[in-house]
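Structure first, commentary second.
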Amino acid sequence: MKKTLLLTLWFTLGISAFAAGDEDGATTESVAARYSAVIDQRATKIAQSLGLNDTNTLARVHDIIMGQYRALNDWHSTNDPKIKAARHDAAALADIRASLKALHDAYLARLAGYLSPAQMEQVKDAMTYGKVQFTFNGYCSQYPGLSEINKAAILKMLKDAREEAMDAGSAKDKTSVFQRYKGRINNYLSKQGIIPDKKK
């Protein structure tokens, strides 16, 4: 299970697929080492995009981000099977998901010790492939008559989606979170009597 999840995250982070022979013959240790290299690369890219001038702060932020990727992998390795087994037990599911929320909140609290609110937004966007702005722009294009109140409501729902998607275990799961929230946005727009521009 651990090896499988490491491989899943390897592909999720945008790295080219293993050669067939390497994947078949890889040991748990070699997969873990390559996974560590991937999340190190990903954390480095995010940290360096923040415009941090202090090298100690840059290193610390890198380590926090990399640590979160590793913690999320461990969490999903442990808890995804529990979620599947407890899918009809609301109380058990709530407890499991509460532990993910705690992991999420602790991560953001650590980052907040080093980053401004704007930089925090950058990290969240980087961990979710910029889906908030991309999707928001799509709505603004499809619904050109949106009021500022409408836009604020849509943006809030998309940022709520981002908070959840940050903790998802794969790119596919992150996309699924945004798709679910897009359903909520579409329902909101429908209730407001707002229809899309058919020409878009």
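So which residues in the stretch 43-65 are part of a helix (DSSP H, G or I) and without any contact (Cβ under 8 Å) to a residue 40 or more places away in the chain? Across the stretch 43-65, the qualifying residues are Ala43, Thr44, Ala47, Gln48, Thr55, Asn56, Leu58, Ala59, His62, Asp63. For first residues located in the stretch 125-149 and within 25 Å of Ala43 (Cβ to Cβ) and in contact (Cβ under 8 Å) with a residue 24 or more places away in the chain, partners that are of a type in the set (S, T, N, Q) and not in a loop (DSSP other than H, G, I, E, B) and lie 6+ apart or on another chain with Cβ distances below 9 Å form the pairs Asp125/Gln133; Met127/Gln68; Tyr129/Thr175; Lys131/Thr175. Does at least one position in the stretch 100-121 carry a residue that is more than 30 Å from Thr55 (Cα to Cα), of a type in the set (Ser, Thr, Tyr) and either within 13 Å of the chain's Cα centre (by Cα) or surrounded by 11 or more Cβ atoms within 10 Å (Cβ to Cβ) (or both)? The answer is no, given that none of the residues of the stretch 100-121 is more than 30 Å from Thr55 (Cα to Cα), of a type in the set (Ser, Thr, Tyr) and either within 13 Å of the chain's Cα centre (by Cα) or surrounded by 11 or more Cβ atoms within 10 Å (Cβ to Cβ) (or both). Annotation: of all residues in the stretch 13-42 being among the aliphatic types (A, V, I, L, M) and assigned to a helix (DSSP H, G or I), the one that is modelled with the lowest pLDDT is Ala20.
Looking across the stretch 67-97, the residues that are surrounded by 14 or more Cβ atoms within 10 Å (Cβ to Cβ) and either over 30 Å from Asp40 (Cβ atoms) or of a type in the set (Ser, Thr, Tyr) (or both) come down to Tyr69, Ser77, Thr78, Ala86, Ala92, Leu93. Exactly one residue out of Tyr107, Tyr114, Tyr69, Tyr129 is farther than 30 Å from Ile194 by Cβ, hydroxyl-bearing (Ser, Thr, Tyr) and outside any helix (DSSP H, G or I), and it is Tyr114.
Considering only residues that are surrounded by 14 or more Cβ atoms within 10 Å (Cβ to Cβ), not in a helix (DSSP H, G or I) and not small (Gly, Ala, Ser), look in the stretch 156-195 and name the one that is nearest to the chain's Cα centre (by Cα). Among those residues, the one meeting the criterion is Met166.
The values are calculated or read from the model by the stated rules, or taken from the named source; none is laboratory data. On a predicted model such as this, the values are computed, not experimentally measured, just so you know. Glycine also receives a Cβ, built like all others from the backbone with ideal geometry; neighbour counts cover every protein chain displayed.
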